[in-house]
Amino acid sequence: MTDFSRAAAKHLIERYYHQLTEGCGNDSCSNAWCSSSRGSHRLDNNAAAVKALELYKINAKLCDPHPSKKGTTMNHCNFRNRPSILTEHLTETKVYEILHICGEKEDYSPLIRVIGRVFSSAEGLVQSFRRSKPPTKEELKSLQSKDEDKDEDEEEAAACSAAAMEEDSPGSSSRLDGAASGDNDVGKLGPDEVSVDIDAVRRVYQRLLSNDKIEAAFLNALVYLSPNVECDLTYHNVYSRDPNYLNLFVVVMENSNLHSPDYLEIALPQFCRAMSKLPLPALAKLARLWSHYSAEQIHRIMETFQQLITYKVVSNEFNSRNLVNDDDAVVAATKCLKIVYYANVMGGEVDTEHNEEEDEEPIPESSELTLQELLGEERRNKKGPRVDPLETELTIRTSDSRRPLIPFQEFVNEPLNEVLEMDKDYTFFKVETENKFSFMTCPFILNAVTKNLGLYYDNRIRMYSERRITVLYSLVQGQQLNPYLRLKVRRDHIIDDALVRVSPRSFCSSYLKKQLYVEFEGEQGVDEGGVSKEFFQLVVEEIFNPDIGMFAYDERTKMFWFNPSSFENEGQFTLIGIVLGLAIYNNCILDVHFPMVVYRKLMGKKGTFRDLADSNPVLYQSLKELLEYEGSVEEDMMITFQISQTDLFGNPLMYDLRENGDQIPVTNKNRKEFVAQYAEYMLNKSVEKQFKAFRRGFHMVTNESPLKYLFRPEEIELLICGSRNLDFQALEETTEYDGGYSRDSRIIKEFWETLHSFAEEQKRLFLQFTTGTDRAPVGGLGKLKMIIAKNGPDTDRLPTSHTCFNVLLLPEYDTKEKLRERLLKAILYAKGFGML
């Protein structure tokens, strides 16, 4: 369709619309599709718009305006002859002019038509509200003074609008920006950003959206606009020809009513589909623009997309046959939410400079690679986990964020997590087809439990793959290879035995990706998960023993840090890195107490001054006071760029933060450099050798995992250490029973009464006894599937457990007192494995 024929069709549809809503003015009209006809029924704006399109398709009769019609109809003709009414694009001034004319005549239909024409046209919207020299205060006041004859409500609205305009003048901040000021002032964006006057758009929206009829015009226009925009972006590559095409998305998203129910059914889903078709540079440009918005504005846009996702999820019945991944509206809104997510990261406090250097020594590759290629088993991620394209375009990572504009938790959509079939979603994630969308490509919308399930699938599939490759390799070479990572260790030599069997020099990294199978020498336990838990616990207890000296323990923070004076070789630090990686890989929880900076460093970030707040709070406070000191630092404190530490034996060790540091005084001018260098030494340089070995061991297990892609540093800690919040009420609600027990059994009621009466430490011991760890899994104790099974009648035997399966074998004791005594003895003295 040519531009001329498209314009003609649009003109005819508008005539049908006005005929349905306003009539021709002839009181004796006999046209059934004219509101002037006596037999016609009044239609609301939405129904009239739909009907107008139908009448155009069947070429229905159009009435001519009746010359006897006076007043409103003739005024409409006069309106059409005004240049401002015929405009194909809008400015703030034009909107107020038309609004003033409509106010005088108490008829807003001309303004409604203009909004419908401009906001339904991509060309018109792109040209609208362009940046220009702002009107003077006198001009704005003169416009407002023309509204004196309006009723009281309209005068109040005009006053509010005038106040908003004055507040946006130089020297004051816009209240429409919420808390926007300084760097978040969208009026100060550089030439690289969009050409639309965002503050003007916000003022116009605030003025117009208070009128229900005008709001309906925005809604109808968006329904008409979105399919055309989607078509332009999909087939005509319109953005590459005109980067200002992005303006229409900026203008539409400033509509504060987008999340209202009227938009959620049709208008907003269509618009999200159009926005999701934007090319990568346009998405990045939009994210950079929104990063200048205030937290309030970011929250509003985020809430708009979240509202649509939630609405679609709760109004449909998604299951394994009807996947939420196939819902175009949910997928499109999630893709749009990703733009807001990165804007939220960039708009907050970020650190893009302090990055850890990559390991110089490459991780040994598998010697089975050639065989894998022959068998069609090439590794998809030989260069490591994937990176989000938008993240690359913006040159920023989630791990760069120190504090986002709004909390990351706000981006998690719980209703979506509840209906997501994670096994299917993981398949789409790995296959990477254009036809199927995976929510794992937008991990910010998933909670830690859902992401952990995706990681579990990835780890299990990799284990099965390694097992299959080992079997095939054995058939080809004729050698009997072990399909498991089998560790046979002695309890009293567990570190030595573990070092020998997982030494990086003795195998390639793929060996660690086999399923772990631990056997304690002299014990009969079969490892179905519980023995591995015990192995991890013993290794951690041994390595973190202060007497060994690998890690220093801080009594104030209850955390461990790498000992820069440790005599242990790098192999032991590599081992603890491997242990942490294996714990994640085998879904085990460790009793490890590291400050958050360790997990940030594992994700590729260096420690900085603010990381001292939780790793060394006393030093942090001292350096903070140094930075805030108002007197003369050089004269009053007399410190230099030389610092001292103590080794394992209490001997002082001096270190120069700069060359000849003992001769360089710290002054008010260079104290920031001193603090930065001090933190750099404490968190990075002093433990560089130890941490590199530790990180290398961790990456030997996780280098091909989507771990970095899915999780933030605080979530990595949750994966490794589990939750410290133990809600035994949630555990009681999810526990199952077997062997004749039920929730209503006497012994079960007494058991829970007894357990709830335990002290906190006794509860942790019970959890250790039953599950092999005293931590809750990701998601809390409610996610732990514990089973209490009957183990015979009353007896003097102690309760026993299968830690592999989280099963407690509980005899039916006669009294509550005996139950308490037997249970306490079991959890206090039980250690080791045997065959029942």
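Would you check if Arg712 is basic (Lys, Arg) and open to solvent by less than 20 Å² (accessible area, probe 1.4 Å)? The answer is no for Arg712. Is there a residue being assigned to a loop (DSSP other than H, G, I, E, B), without any contact (Cβ under 8 Å) to a residue 60 or more places away in the chain and either in contact with a Phe, Trp or Tyr (Cβ under 7 Å, 6 or more places away or on another chain) or under 30 Å from Val778 (Cα atoms) (or both) anywhere in the stretch 569-592? No, every residue in the stretch 569-592 fails to be assigned to a loop (DSSP other than H, G, I, E, B), without any contact (Cβ under 8 Å) to a residue 60 or more places away in the chain and either in contact with a Phe, Trp or Tyr (Cβ under 7 Å, 6 or more places away or on another chain) or under 30 Å from Val778 (Cα atoms) (or both). Within the stretch 594-619, being open to solvent by 50 Å² or more (accessible area, probe 1.4 Å) and farther than 30 Å from Asn703 by Cβ holds for one residue alone: Val618. Please verify whether the stretch 689-701 includes one or more residues that are surrounded by fewer than 21 Cβ atoms within 10 Å (Cβ to Cβ), assigned to a helix (DSSP H, G or I), free of Cβ contacts under 8 Å to residues at least 24 places away in the same chain and not hydrophobic (A, V, I, L, M, F, W, C). No, the stretch 689-701 contains no residue that is surrounded by fewer than 21 Cβ atoms within 10 Å (Cβ to Cβ), assigned to a helix (DSSP H, G or I), free of Cβ contacts under 8 Å to residues at least 24 places away in the same chain and not hydrophobic (A, V, I, L, M, F, W, C).
For the stretch 398-412, the set of residues classified as over 12 Å from the mean Cα position of the chain (by Cα) and either surrounded by fewer than 18 Cβ atoms within 10 Å (Cβ to Cβ) or without any contact (Cβ under 8 Å) to a residue 12 or more places away in the chain (or both) consists of Arg402, Arg403, listed by residue number.
Out of (1) open to solvent by 60 Å² or more (accessible area, probe 1.4 Å); (2) assigned to a helix (DSSP H, G or I); (3) modelled with pLDDT under 80; (4) out of contact with any helix residue (DSSP H, G or I) (no Cβ under 7 Å at 6 or more places or on another chain), the odd one out for Lys533 is which? Unmet for Lys533, out of (1) open to solvent by 60 Å² or more (accessible area, probe 1.4 Å); (2) assigned to a helix (DSSP H, G or I); (3) modelled with pLDDT under 80; (4) out of contact with any helix residue (DSSP H, G or I) (no Cβ under 7 Å at 6 or more places or on another chain): (1). Every listed requirement among (1) part of a helix (DSSP H, G or I); (2) crowded, with 23+ Cβ neighbours inside 10 Å; (3) more than 16 Å from the chain's Cα centre (by Cα) is met by Asn325 save one, (2).
Residues satisfying the criterion are absent from the stretch 453-460 (criterion: farther than 25 Å from Val539 by Cα, in contact with a helix residue (DSSP H, G or I) (Cβ under 9 Å, 6 or more places away or on another chain) and not in a helix (DSSP H, G or I)).
Looking at (1) part of a helix (DSSP H, G or I); (2) modelled with pLDDT of 90 or more, which one does Leu475 not meet, given that it meets all the others? It is condition (2) that Leu475 fails.
Taken residue by residue, the stretch 254-262 has no member that is assigned to a helix (DSSP H, G or I) and under 16 Å from Cys336 (Cβ atoms). Of the residues making up the stretch 766-786, those that are outside any loop (DSSP other than H, G, I, E, B) and open to solvent by less than 50 Å² (accessible area, probe 1.4 Å) are Phe766, Leu767, Gln768, Phe769, Thr770, Thr771, Ala776, Leu781, Gly782.
For the structure I just gave you, tell me whether Phe560 is within 28 Å of Lys533 (Cα to Cα) and either open to solvent by 10 Å² or more (accessible area, probe 1.4 Å) or in a loop (DSSP other than H, G, I, E, B) (or both). It is true that Phe560 is within 28 Å of Lys533 (Cα to Cα) and either open to solvent by 10 Å² or more (accessible area, probe 1.4 Å) or in a loop (DSSP other than H, G, I, E, B) (or both).
Within the stretch 800-819, residues that are more than 18 Å from Lys749 (Cβ to Cβ) reach partners that are of a type in the set (D, E, K, R) with beta carbons closer than 7 Å, at six or more positions or on different chains, in the pairs Thr803/Lys533; Cys804/Glu528; Phe805/Glu528; Asn806/Lys785. How about the stretch 195-244: which of its residues are at pLDDT below 90 and open to solvent by less than 10 Å² (accessible area, probe 1.4 Å)? Matches in the stretch 195-244: Ile214 only.
Looking only at residues that are assigned to a helix (DSSP H, G or I) and of a type in the set (Asp, Glu) in the stretch 268-320, which one is nearest to the chain's Cα centre (by Cα)? Within the stretch 268-320, the match that is nearest to the chain's Cα centre (by Cα) is Glu303. For the criterion of being closer than 20 Å to Asp212 by Cβ, more than 40 Å from the chain's Cα centre (by Cα) and open to solvent by 10 Å² or more (accessible area, probe 1.4 Å), Lys105 passes.
Here is a yes/no grid of residues against (1) assigned to a loop (DSSP other than H, G, I, E, B); (2) under 15 Å from Leu111 (Cβ atoms):
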position	(1), (2)
Arg202	no, no
Arg207	no, yes
Ser210	yes, yes
Ala216	no, yes
Leu222	no, no
Asp232	no, no
Tyr245	no, no
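With the requirement that a residue be buried (at least 18 other Cβ atoms within 10 Å of the Cβ) and either out of contact with any helix residue (DSSP H, G or I) (no Cβ under 9 Å at 6 or more places or on another chain) or of a type in the set (Ser, Thr, Tyr) (or both), what does the stretch 245-298 give you? Once the filter is applied, which keeps residues that are buried (at least 18 other Cβ atoms within 10 Å of the Cβ) and either out of contact with any helix residue (DSSP H, G or I) (no Cβ under 9 Å at 6 or more places or on another chain) or of a type in the set (Ser, Thr, Tyr) (or both), the stretch 245-298 yields Tyr245, Tyr263, Ser276, Ser291, Tyr293, Ser294.
Is it the case that the stretch 8-30 has a residue that's under 23 Å from Ala122 (Cα atoms), within 46 Å of the chain's Cα centre (by Cα), aliphatic (A, V, I, L, M) and at pLDDT below 80? The answer is yes; a qualifying residue exists.
The values are calculated or read from the model by the stated rules, or taken from the named source; none is laboratory data. As the structure is a computational prediction, the values presented were derived from the model and not from experiment. Neighbour counts run over all protein chains shown; Cβ positions are idealised from the backbone, glycine included. Heavy atoms of the whole protein, side chains included, go into the accessibility calculation; ligands, DNA and RNA do not. Shrake-Rupley method; radii C 1.70, N 1.55, O 1.52, S 1.80 Å.
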